[in-house]
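Novice: This structure is in structure tokens; I'll ask about it shortly.
Since every read-out is calculated from the coordinates, none of them should be taken as a lab result. Please read all numbers here as calculations on a predicted model, not as lab measurements. FYI the Cβ positions are ideal-geometry reconstructions off the backbone, even for glycines, and counts take in every protein chain you see.
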Amino acid sequence: MGLPKIRLSKGRRDRRRSHLALSPLTLVPCPQCHKPRRPHHVCPSCGQYAGREVVKTD
Ligand SMILES: [Zn+2]
């Protein structure tokens, strides 16, 4: 395992980690069943995408 030659200061470590935060996922209402779904994804509740059923759901 490699070992760092020079220890990073807390400031440099924290500045690197300033880009690591996750953003909350976007939800849009499904045009078919009006339940929230992620944009550009198949609706998990009705299985529709671009106006047609692509996945069978119960
Ligand atoms: Zn739907």
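Novice: Once the dipole of the chain is set up with Lys and Arg at +1 and Asp and Glu at -1 on Cβ about the Cα centre, which of L22, I6, V55 lies farthest towards its positive end?
Specialist: Projecting each Cα onto the dipole axis, the largest value belongs to I6.
Novice: Still on this structure, I have one more. Residue separation times 0.36 nm, minus the C-alpha to C-alpha distance between A50 and S23: what's the value?
Specialist: 7.1 nm
Novice: Is it possible to state the helix-based mean residue ellipticity at 222 nm for the chain, with each DSSP H run of 4+ residues giving -39500 (n - 2.57), the sum divided by total residues, to the nearest 500 deg cm²/dmol? What is it?
Specialist: -3500 deg cm²/dmol
Novice: Determine the principal axes of the Cα atoms in the chain, then give the extent along each, sorted from largest to smallest and rounded to whole angstroms.
Specialist: That gives 57, 25, 18 Å along the principal axes, largest extent first.
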